[in-house]
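Colleague: Below: one structure in structure tokens.
The values are calculated or read from the model by the stated rules, or taken from the named source; none is laboratory data. As the structure is a prediction and not an experimental result, all values here were calculated from the model. Cβ placement follows ideal geometry from the backbone for every residue including glycine, while neighbour counts extend to all protein chains displayed.
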């Protein structure tokens, strides 16, 4: 049994009408642990129900400009391997609600081992997710989940065990700078840092990170998804491009080219620069 310290949130009766229709059989789905869905033997296409799981991330960043937002990531409160799962295009009730890390939710929907976009090559590692008419009901609040620290070698060797979970990786160095298509950068250690939830355009080849935190996922390769700037802890003195509000207003020559802040052409319109 899990014990959670709650701050209860009232749901007005009128809000229940905003919940999408539940497919036949879903209302009677037996509650299941996320760890069971991430274990061998989980059946794709099953109607499942999760209770009292904690939000680790909610996608409000449209990295493609095509409206691709709304995916939620939830996990068991204790975290760790096989504890998290993706809720694709989450239907949050009341409609229009935005989830934040630490929200406690109940989930009902269809569990799918997603094998890749239609017409594309199949995934080598099918992605566990809950999709197709899923209903996410906020029932309380708790502390934002803490990431589990995992060596990068463990993630790359046994990544499927951590897909959907909030992880922290330490001691990484960018091999590529930030790329726009697809929006991501890669590390010398072989990890892909993707910009599905947040973008940091100032990363250069050689930028060193004390740690990177994010949701671990898979899309043709294993990726970590930072949620905000605080998830990317840059080592002091490490090179950064001056092309963000932060690096264009910090008084430093981050890229070592002799120009600082508004004297850097790439800072036009950023960080208060004209």
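Colleague: Output the qualifying pairs, or none if there are none: Cβ atoms under 9 angstrom, residues six or more apart or on different chains, first residue in segment 156-185 and free of Cβ contacts under 8 Å to residues at least 12 places away in the same chain, second residue in a strand (DSSP E or B) and surrounded by 15 or more Cβ atoms within 10 Å (Cβ to Cβ).
Modeller: Taking only residues 6 or more apart or on different chains, the pairs are 179/185; 179/186.
Colleague: Among 161, 245, 263, which is the only one that is more than 14 Å from the chain's Cα centre (by Cα), closer than 30 Å to residue 37 by Cα and surrounded by fewer than 20 Cβ atoms within 10 Å (Cβ to Cβ)? Step through it out loud before you land on a result.
Modeller: Numbers: 245 fails: closer than 30 Å to residue 37 by Cα; 263 fails: closer than 30 Å to residue 37 by Cα.
The conditions single out 161.
Colleague: Let me ask you something else. If residue 227 meets every condition in (1) part of a loop (DSSP other than H, G, I, E, B); (2) without any contact (Cβ under 8 Å) to a residue 60 or more places away in the chain apart from one, which number is that one?
Modeller: Every listed condition holds for residue 227 apart from (2).
Colleague: I want to confirm something. Restricting to segment 24-44 and keeping residues that are in a loop (DSSP other than H, G, I, E, B), in contact with a strand residue (DSSP E or B) (Cβ under 8 Å, 6 or more places away or on another chain) and over 19 Å from residue 163 (Cβ atoms), which single residue is modelled with the highest pLDDT?
Modeller: 30
Colleague: Another question, if that's okay. Name the single residue, out of those in segment 86-101 being in contact (Cβ under 8 Å) with a residue 60 or more places away in the chain and within 14 Å of residue 197 (Cα to Cα), that is farthest from the chain's Cα centre (by Cα).
Modeller: 101
Colleague: Related question: Of the residues that sit in segment 91-113 and are at pLDDT below 90 and not in a loop (DSSP other than H, G, I, E, B), which one is surrounded by the most Cβ atoms within 10 Å (Cβ to Cβ)?
Modeller: Among those residues, the one meeting the criterion is 92.
Colleague: Counting only residues that are under 21 Å from residue 41 (Cα atoms) and more than 17 Å from the chain's Cα centre (by Cα), how many does segment 115-131 have? If you could, list the steps in order and put the result at the bottom.
Modeller: We begin by selecting, within segment 115-131, every residue under 21 Å from residue 41 (Cα atoms); these are 115-116, 122-131.
Applying the additional criterion that residues be more than 17 Å from the chain's Cα centre (by Cα) yields 115-116, 122-126.
The qualifying residues number 7.
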